[in-house]
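Each value in this text was obtained by applying a stated rule to the coordinates, not by laboratory testing. Everything quoted here is computed from the prediction, not taken from an experiment. Don't worry about glycine lacking a Cβ; one is built from the backbone with ideal geometry, like all the others, and counts go over all protein chains shown.
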Amino acid sequence: MSEIFDFTPGNSPVLVSVPHAGTHIPEALAKRMTDHALTLPDTDWHVEKLYAAAPSLGAGLIVARQSRYVIDLNRDPTGTPLYPGADNTELCPLSSFGKAPVYKPGQEPDAAEVQQRVVHDWKPYHDALENELARLNAKFGYAILWDGHSIPSLVPRFLRLRWMMSEPRFDVAMMMVLVKSTTRPLPSVSRPSSNTCNRML
């Protein structure tokens, strides 16, 4: 078992990644964070339970153990914004979705510490993703990476969704929207097309 993630290989071309369900924060780092941040408000709560049955269905499953406040595994390791021109949280978030500070004043990580977390926390997770996708691609001729997430119904910082909550297909639609890979593309790696998504919905 890795201190960074839990991984169960599958016997199908599908790999499920759950990068934001982790809740562990190293003790030394936790002492630098605000009380509010330590409640982990931006965690994708219970998503790992939602996908716990994936291995029994043949899919591989990788679940982060570290909190996204340690490092966000769905951000570019260079710090390039995920959504250019939008209000983004950082690779090592300095504020919550609600714009509350993650760190006590003067305790924010500097560039050297961020890079250290990339090496210690981000890279092992993505190496595991890339290695498993390469194995699946070699075995089956293609691989499918499914990113499992959850999000509150209203996050004004990013998107306004309350109007959609009466739509019975909302949960499925959001799941499809959040399918993405943050690893380097592999030849023949299959990602659902918009037509596939529409058929599924």
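Can you sort D35, D127 from fewest to most other Cβ atoms within 10 Å of each residue's own Cβ?
Ascending number of Cβ neighbours within 10 Å: D35, D127.
Order these by the 10 Å Cβ neighbour count, fewest first: S17, S150.
S150, S17
If you take the square roots of the eigenvalues of the alpha-carbon gyration tensor of the range 108-160 and sort them as a ≥ b ≥ c, do you get rounded (a/c under 1.5), prolate (a/b over b/c) or oblate?
Details: a/c = 4.43, a/b = 1.25, b/c = 3.55.
It comes out oblate by the Cα gyration axes.
Can you give me the long-range amide H partners of N88? Hydrogens built in the peptide plane at 1.01 Å from N, cutoff under 5 Å, separation of 5 or more residues or another chain.
none
Over all distinct Cα pairs, what is the inverse of the mean 1/r for the range 3-53, reported as the Kirkwood hydrodynamic radius in Å?
Taking the inverse mean of 1/r over all distinct Cα pairs, the range 3-53 comes out at 13.1 Å.
Where the centre of each part is set by its Cα atoms, how far does the range 114-146 sit from the range 1-35, in angstrom?
14
Run the reach check for K123 against lysines, Cα to Cα strictly under 18 Å, same-chain hits fewer than 8 apart removed. What comes back?
List returned: K180.
Among S12, S2, rank each residue by its count of other Cβ atoms within 10 Å, from fewest to most, as a rough exposure measure.
Ordered from fewest to most neighbouring Cβ atoms within 10 Å, S12, S2 come out as S2, S12.
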